[in-house]
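S.K.: One structure is given below, represented as C-alpha coordinates, and several questions about it will come after.
The values are calculated or read from the model by the stated rules, or taken from the named source; none is laboratory data. Please read these numbers as outputs of a predicted model, since none were measured by experiment. Here Cβ is always computed from backbone atoms with ideal geometry, including for glycine, and neighbour counts include all displayed protein chains. Surface areas here come from the heavy atoms of the whole protein model, side chains and all, with no ligands, DNA or RNA. Shrake-Rupley method; radii C 1.70, N 1.55, O 1.52, S 1.80 Å.
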Amino acid sequence: AQSVTQPDIHITVSEGASLELRCNYSYGATPYLFWYVQSPGQGLQLLLKYFSGDTLVQGIKGFEAEFKRSQSSFNLRKPSVHWSDAAEYFCAVGSRSNDYKLSFGAGTTVTVRA
Amino acid sequence: DSGVTQTPKHLITATGQRVTLRCSPRSGDLSVYWYQQSLDQGLQFLIQYYNGEERAKGNILERFSAQQFPDLHSELNLSSLELGDSALYFCASSPGLGPSSYNEQFFGPGTRLTVL
(Lines give C-alpha, C1' and ligand atoms only; values in the text may rest on other atoms or scores of the structure.)
Protein backbone atom coordinates (compact mmCIF):
# COMPACT_ATOMS: atom_id res chain seq x y z
CA ALA A 1 0.00 0.00 0.00
CA GLN A 2 1.18 3.49 -0.70
CA SER A 3 1.86 5.80 2.21
CA VAL A 4 3.34 9.20 2.86
CA THR A 5 5.30 10.43 5.86
CA GLN A 6 5.89 14.05 6.71
CA PRO A 7 8.29 13.90 9.66
CA ASP A 8 7.88 17.51 10.73
CA ILE A 9 4.57 18.45 12.30
CA HIS A 10 5.43 22.10 12.76
CA ILE A 11 8.18 24.33 11.40
CA THR A 12 8.86 27.93 12.32
CA VAL A 13 10.92 30.01 9.93
CA SER A 14 11.87 33.67 9.76
CA GLU A 15 10.62 35.76 6.89
CA GLY A 16 13.25 35.80 4.16
CA ALA A 17 14.84 32.56 5.31
CA SER A 18 14.82 29.36 3.33
CA LEU A 19 12.31 26.60 3.92
CA GLU A 20 12.50 22.87 3.37
CA LEU A 21 9.65 20.49 4.10
CA ARG A 22 10.35 16.79 4.10
CA CYS A 23 8.25 14.09 2.51
CA ASN A 24 8.97 10.38 2.29
CA TYR A 25 6.77 7.93 0.47
CA SER A 26 6.42 4.21 0.42
CA TYR A 27 5.52 2.67 -2.89
CA GLY A 28 7.06 0.05 -5.15
CA ALA A 29 6.75 1.63 -8.56
CA THR A 30 7.16 5.23 -9.59
CA PRO A 31 4.45 7.20 -7.87
CA TYR A 32 2.81 10.43 -8.82
CA LEU A 33 3.82 12.98 -6.18
CA PHE A 34 2.17 16.20 -5.18
CA TRP A 35 2.50 19.06 -2.75
CA TYR A 36 -0.61 20.93 -1.69
CA VAL A 37 -0.98 23.98 0.53
CA GLN A 38 -3.94 24.73 2.76
CA SER A 39 -4.38 28.21 4.16
CA PRO A 40 -6.61 28.62 7.22
CA GLY A 41 -10.24 28.09 6.33
CA GLN A 42 -9.41 27.29 2.73
CA GLY A 43 -9.35 24.24 0.54
CA LEU A 44 -6.18 22.67 -0.80
CA GLN A 45 -4.24 24.27 -3.61
CA LEU A 46 -1.74 22.37 -5.72
CA LEU A 47 1.79 23.77 -5.50
CA LEU A 48 3.52 21.32 -7.80
CA LYS A 49 3.48 17.75 -9.05
CA TYR A 50 5.88 15.10 -10.31
CA PHE A 51 4.93 12.41 -12.79
CA SER A 52 8.16 11.66 -14.63
CA GLY A 53 11.13 13.31 -16.28
CA ASP A 54 13.17 16.04 -14.65
CA THR A 55 13.39 15.25 -10.97
CA LEU A 56 13.46 18.92 -9.99
CA VAL A 57 10.05 20.43 -10.48
CA GLN A 58 9.04 24.03 -10.22
CA GLY A 59 5.73 25.08 -8.82
CA ILE A 60 3.73 28.14 -8.06
CA LYS A 61 4.60 30.79 -5.48
CA GLY A 62 8.33 30.17 -5.89
CA PHE A 63 8.28 26.60 -4.58
CA GLU A 64 10.25 23.71 -5.97
CA ALA A 65 10.60 20.05 -5.08
CA GLU A 66 13.09 17.34 -5.89
CA PHE A 67 12.22 13.70 -6.43
CA LYS A 68 14.93 11.38 -5.14
CA ARG A 69 14.11 7.79 -5.91
CA SER A 70 17.02 6.41 -3.91
CA GLN A 71 15.75 8.14 -0.79
CA SER A 72 12.03 7.77 -1.55
CA SER A 73 11.73 11.47 -0.92
CA PHE A 74 10.03 14.46 -2.46
CA ASN A 75 11.08 17.44 -0.38
CA LEU A 76 9.62 20.88 -0.91
CA ARG A 77 11.81 23.97 -0.85
CA LYS A 78 11.54 27.70 -1.08
CA PRO A 79 14.63 29.95 -1.04
CA SER A 80 13.02 32.92 0.69
CA VAL A 81 9.82 32.65 2.69
CA HIS A 82 7.17 35.35 2.75
CA TRP A 83 4.70 35.88 5.59
CA SER A 84 1.92 34.72 3.26
CA ASP A 85 3.53 31.27 3.11
CA ALA A 86 2.26 30.52 6.61
CA ALA A 87 -0.06 27.59 6.04
CA GLU A 88 -0.29 23.83 6.27
CA TYR A 89 1.49 21.83 3.62
CA PHE A 90 0.54 18.36 2.52
CA CYS A 91 2.52 15.87 0.51
CA ALA A 92 0.46 13.32 -1.43
CA VAL A 93 1.13 10.24 -3.53
CA GLY A 94 -0.99 8.57 -6.15
CA SER A 95 -0.50 5.70 -8.52
CA ARG A 96 -2.08 4.12 -11.53
CA SER A 97 -2.29 0.76 -9.81
CA ASN A 98 -4.22 2.34 -6.94
CA ASP A 99 -6.77 3.98 -9.21
CA TYR A 100 -5.08 7.33 -8.77
CA LYS A 101 -6.38 7.69 -5.24
CA LEU A 102 -4.34 10.22 -3.35
CA SER A 103 -2.80 9.31 -0.03
CA PHE A 104 -1.87 12.35 2.00
CA GLY A 105 0.74 12.87 4.65
CA ALA A 106 -0.24 14.24 8.03
CA GLY A 107 0.78 17.73 7.01
CA THR A 108 3.39 20.24 8.17
CA THR A 109 2.28 23.54 9.63
CA VAL A 110 4.56 26.41 8.74
CA THR A 111 4.71 29.50 10.91
CA VAL A 112 6.53 32.54 9.59
CA ARG A 113 7.93 35.00 12.09
CA ALA A 114 8.78 38.59 11.24
CA ASP B 1 -11.18 30.18 -6.46
CA SER B 2 -10.78 26.62 -7.71
CA GLY B 3 -14.13 26.49 -9.50
CA VAL B 4 -15.36 23.70 -7.23
CA THR B 5 -18.27 24.68 -5.04
CA GLN B 6 -19.50 22.98 -1.92
CA THR B 7 -22.61 23.58 0.11
CA PRO B 8 -23.25 24.15 2.88
CA LYS B 9 -20.11 25.72 4.35
CA HIS B 10 -21.03 24.75 7.87
CA LEU B 11 -23.40 22.14 9.22
CA ILE B 12 -24.26 21.52 12.84
CA THR B 13 -26.38 18.54 13.69
CA ALA B 14 -27.03 15.96 16.38
CA THR B 15 -25.93 12.37 16.75
CA GLY B 16 -28.08 9.89 14.90
CA GLN B 17 -29.10 12.40 12.24
CA ARG B 18 -28.53 12.28 8.50
CA VAL B 19 -27.03 15.04 6.35
CA THR B 20 -26.27 15.59 2.70
CA LEU B 21 -23.25 17.48 1.44
CA ARG B 22 -23.26 18.81 -2.08
CA CYS B 23 -20.44 19.38 -4.54
CA SER B 24 -20.39 20.99 -7.96
CA PRO B 25 -17.20 20.22 -9.90
CA ARG B 26 -15.37 22.57 -12.18
CA SER B 27 -16.99 23.00 -15.54
CA GLY B 28 -16.00 20.08 -17.76
CA ASP B 29 -14.50 17.93 -15.01
CA LEU B 30 -15.86 14.39 -15.00
CA SER B 31 -14.21 13.05 -11.85
CA VAL B 32 -15.32 13.94 -8.36
CA TYR B 33 -13.50 12.91 -5.19
CA TRP B 34 -14.59 13.14 -1.57
CA TYR B 35 -12.14 13.51 1.31
CA GLN B 36 -12.54 13.75 5.06
CA GLN B 37 -10.14 15.84 7.11
CA SER B 38 -10.14 15.32 10.86
CA LEU B 39 -7.63 16.04 13.59
CA ASP B 40 -7.04 12.42 14.45
CA GLN B 41 -7.20 10.84 10.98
CA GLY B 42 -5.76 13.62 8.84
CA LEU B 43 -6.87 13.86 5.22
CA GLN B 44 -8.48 10.63 4.08
CA PHE B 45 -9.81 9.70 0.66
CA LEU B 46 -13.40 8.50 0.84
CA ILE B 47 -14.72 7.83 -2.64
CA GLN B 48 -14.39 8.80 -6.29
CA TYR B 49 -16.93 9.05 -9.07
CA TYR B 50 -16.25 9.35 -12.75
CA ASN B 51 -19.00 10.40 -15.13
CA GLY B 52 -21.70 9.10 -12.84
CA GLU B 53 -20.08 5.79 -11.95
CA GLU B 54 -18.28 4.87 -8.75
CA ARG B 55 -14.61 4.52 -9.61
CA ALA B 56 -12.69 3.99 -6.40
CA LYS B 57 -13.38 3.60 -2.72
CA GLY B 58 -11.22 4.52 0.20
CA ASN B 59 -11.87 4.62 3.90
CA ILE B 60 -15.57 5.26 3.60
CA LEU B 61 -17.88 3.97 6.30
CA GLU B 62 -20.97 1.94 5.42
CA ARG B 63 -23.06 4.71 7.00
CA PHE B 64 -21.79 7.02 4.29
CA SER B 65 -22.79 6.93 0.66
CA ALA B 66 -22.33 9.12 -2.36
CA GLN B 67 -23.54 9.55 -5.87
CA GLN B 68 -22.82 11.60 -8.95
CA PHE B 69 -25.72 12.87 -10.97
CA PRO B 70 -26.08 13.29 -14.75
CA ASP B 71 -25.19 16.97 -14.45
CA LEU B 72 -21.98 15.75 -12.70
CA HIS B 73 -22.66 17.30 -9.34
CA SER B 74 -22.16 14.94 -6.44
CA GLU B 75 -23.70 14.41 -3.04
CA LEU B 76 -22.21 12.75 0.01
CA ASN B 77 -24.79 11.34 2.40
CA LEU B 78 -23.81 10.75 6.00
CA SER B 79 -26.28 8.87 8.20
CA SER B 80 -26.53 7.73 11.81
CA LEU B 81 -24.05 10.44 12.62
CA GLU B 82 -21.62 10.00 15.49
CA LEU B 83 -19.49 12.53 17.33
CA GLY B 84 -16.45 11.17 15.54
CA ASP B 85 -17.89 12.15 12.17
CA SER B 86 -17.22 15.79 12.96
CA ALA B 87 -14.72 16.86 10.34
CA LEU B 88 -14.07 18.98 7.30
CA TYR B 89 -15.34 17.27 4.16
CA PHE B 90 -13.68 18.24 0.90
CA CYS B 91 -14.78 17.63 -2.60
CA ALA B 92 -12.29 17.75 -5.46
CA SER B 93 -12.66 17.41 -9.20
CA SER B 94 -10.37 16.59 -12.08
CA PRO B 95 -10.84 16.38 -15.84
CA GLY B 96 -10.85 12.60 -16.11
CA LEU B 97 -8.80 9.49 -15.59
CA GLY B 98 -5.53 8.09 -16.73
CA PRO B 99 -2.04 9.52 -16.72
CA SER B 100 -2.77 12.00 -19.46
CA SER B 101 -5.51 13.63 -17.47
CA TYR B 102 -4.22 12.90 -14.01
CA ASN B 103 -2.88 16.34 -13.54
CA GLU B 104 -4.55 18.12 -10.73
CA GLN B 105 -7.41 17.63 -8.37
CA PHE B 106 -9.04 20.97 -7.73
CA PHE B 107 -10.38 21.20 -4.21
CA GLY B 108 -13.46 22.98 -3.00
CA PRO B 109 -13.49 25.06 0.20
CA GLY B 110 -14.99 22.21 2.21
CA THR B 111 -18.01 21.67 4.43
CA ARG B 112 -17.37 21.75 8.14
CA LEU B 113 -19.61 19.24 9.88
CA THR B 114 -20.10 19.42 13.61
CA VAL B 115 -21.98 16.61 15.30
CA LEU B 116 -23.19 17.44 18.82
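S.K.: Counting only Cα, what are the radius of gyration and maximum Cα-Cα distance Dmax of the range B:1-104, in Å?
M.R.: 13.5, 43
S.K.: At 1.4 Å probe size, with the rest of the protein present, what percent of the exposed accessible area of the protein assembly as shown is carbon and sulfur atoms?
M.R.: Roughly 48 percent of what the probe reaches on the protein assembly as shown is carbon or sulfur.
S.K.: Something else now. Among the trypsin sites (Lys or Arg not before Pro) within the range B:13-84, which fall in a DSSP loop and have no more than 15 other Cβ atoms within 10 Å of their own Cβ?
M.R.: Taking the range B:13-84 and a limit of 15 other Cβ atoms within 10 Å, the loop trypsin sites (Lys or Arg not before Pro) found are B:R18, B:R63.
S.K.: As a test of the definition: with a 1.4 Å probe, what buried accessible area, both sides summed, do you compute for A against B, in Å² to the nearest 100? Mind dumping the intermediate values first?
M.R.: Values: alone 6130 and 6290 Å², together 10740 Å².
Chains A and B together bury approximately 1700 Å².
S.K.: Please state the relative contact order of chain B as a whole percent: Cα pairs under 8 Å, 6+ residues apart?
M.R.: Reported relative contact order: 36 percent.
S.K.: Based on the Cβ-Cβ distance from A:S3 to A:L56, what FRET efficiency comes out when R0 is 25 Å, to the nearest 0.05?
M.R.: Given R0 = 25 Å and the Cβ-Cβ separation, E is 0.60.
S.K.: Any idea which of A:G62, A:Y50, A:T30 is furthest toward the positive side of the dipole for chain A, if Lys and Arg beta-carbons carry +1 and Asp and Glu beta-carbons -1?
M.R.: Of A:G62, A:Y50, A:T30, it is A:T30.
S.K.: How much length would be gained if the chain were fully extended between A:A17 and A:R77, taking 0.36 nm per residue of separation minus their Cα-Cα distance, in nm to one decimal?
M.R.: Details: separation 60, 0.36 × 60 = 21.60 nm, distance 1.10 nm.
This chain segment gains 20.5 nm when fully extended.
S.K.: Shielding of B:53-64 by partners, i.e. mean partner chain Cβ atoms within 10 Å per residue?
M.R.: So the per-residue partner count for this stretch is 1.
S.K.: Over what distance in Å are the Cα centres of the range B:1-64 and the range A:13-27 separated?
M.R.: 29 Å
S.K.: DSSP loop GluC sites (Glu not before Pro) in the range B:45-82 with at most 10 other Cβ atoms within 10 Å of their Cβ, which ones?
M.R.: Those satisfying the criteria are B:E62.
S.K.: What residues does the range A:40-55 have that are buried by at least 20 Å² of accessible area in the full protein assembly compared to the chain on its own, 1.4 angstrom probe?
M.R.: Buried by the other chains: A:G43, A:L44, A:L46, A:K49, A:F51.
S.K.: Further question on the same structure: Residues of the range A:24-114: accessible area per residue at 1.4 Å, in Å²?
M.R.: 45 Å²
S.K.: With no solvent and one point per C-alpha, what does the Debye sum give as log10 I(q)/I(0) for chain A at q = 0.15 Å⁻¹?
M.R.: -0.59
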